[in-house]
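Enquirer: This structure is in structure tokens; I'll ask about it shortly.
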Amino acid sequence: MFLTRERDYAIRVVRALADMKKKPVKSICEQEHVPIDFAYKILKKLEQAKFVSSVRGAQGGYQLAKKPSEINMFEILASVDDNLYINECLKPTALCPNHTEGKRCRVHEELIIIQEGLFETLKSKTFDML
């Protein structure tokens, strides 16, 4: 898994909203140095995933739909891009070309350990910590 710009910006957008205040997109972008085009795209995905709610109109903006302590980094990263695997062969549906007779190769076994550690770490980091 690479921390793409979209993933990085998604974390920053949620961090900007972690104070539970409604904010216009421009304010979020200025606070976290996120380009406005990216912000709208990310906010739409976060709203679809029920992490963010929007209020339309002159006094509108975005706010978190959950408490920061109830949202972890893994969830946010997965909501903008669900390919969180460090190697394609780790996806549940993928077949590693180095598997033989139902056995995984040694590299695959080590990558699984790394992948699980990464997932657990991301799940343990909530936005009240950031």
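A short reminder: the numbers here are calculations on the coordinates, not readings from a lab. Small disclaimer: the values here were computed from a predicted structure and weren't measured. In this analysis, Cβ positions are derived from the backbone assuming ideal geometry, glycine residues included, and neighbour counts consider all displayed protein chains.
Enquirer: For Lys123 and Ser54, calculate 0.36 nm times their separation in residues minus their Cα-Cα distance, and state this gained length in nm to one decimal.
Expert: Here the segment from Lys123 to Ser54 would lengthen by 22.3 nm.
Enquirer: Would you list, by chain and number, the lysines whose Cα falls below 24 Å from the Cα of Lys22, excluding same-chain residues fewer than 8 positions away?
Expert: Result set, ordered by chain and number: Lys41, Lys44, Lys45, Lys50, Lys66, Lys67, Lys125.
Enquirer: Let me ask you something else. Taking the mean number of other Cβ atoms within 10 Å as a proxy for protection, how do you rank 48-56, 62-70 from highest to lowest?
Expert: Descending packing order for the listed peptides: 62-70, 48-56.
Enquirer: Output the relative contact order of the chain, whole-number percent, from Cα pairs under 8 angstrom with separation of 6+ residues.
Expert: For the chain, the relative contact order is 29 percent.
Enquirer: While we're on this one: Suppose each label sits 7 Å from its Cα in the direction of the beta carbon; what would the Ile113-Ser27 distance come out to in nanometres?
Expert: Calculated label separation equals 4.8 nm.
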